[in-house]
1. Would it be correct to say that Lys90 is more than 33 Å from the chain's Cα centre (by Cα), at negative phi and at pLDDT 90 or above?
2. In region 21-55, what residues are more than 20 Å from Gly11 (Cβ to Cβ) and surrounded by 12 or more Cβ atoms within 10 Å (Cβ to Cβ)?
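The values are calculated or read from the model by the stated rules, or taken from the named source; none is laboratory data. Just so it is clear, the model here is predicted, and its values are computed rather than measured. Here Cβ is always computed from backbone atoms with ideal geometry, including for glycine, and neighbour counts include all displayed protein chains.
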Amino acid sequence: MAKKALLAGLGVQESVKNFVDDLVKKGELNDAEAARLLKDWMNRAEESARDLEQKVNERVNKTLGLMNLPSRDDITRLEKQIENLSKLLKETAMRK
């Protein structure tokens, strides 16, 4: 999904650049205005992408929470418990 969004963003960026270049060629913008417009557009696009990513992450985390799936921390804790129990089992077996 992120790769597709990046590629789409690059396509949009190219379209915006072409549009701004056309405005410069027509004399409707000078080079400084064009550069400022492109920079502003890139800043807004980056901010929108960050906002979208945050919203997607929040939604995914909420959905996973509703599904009652174990978290990464839960799994790590269980792995440590299994490791400790395995050691205890080996120690107990060696005593016999």
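1. yes
2. Of everything in region 21-55, those that are more than 20 Å from Gly11 (Cβ to Cβ) and surrounded by 12 or more Cβ atoms within 10 Å (Cβ to Cβ) turn out to be Val24, Leu29, Glu33, Ala35, Arg36.
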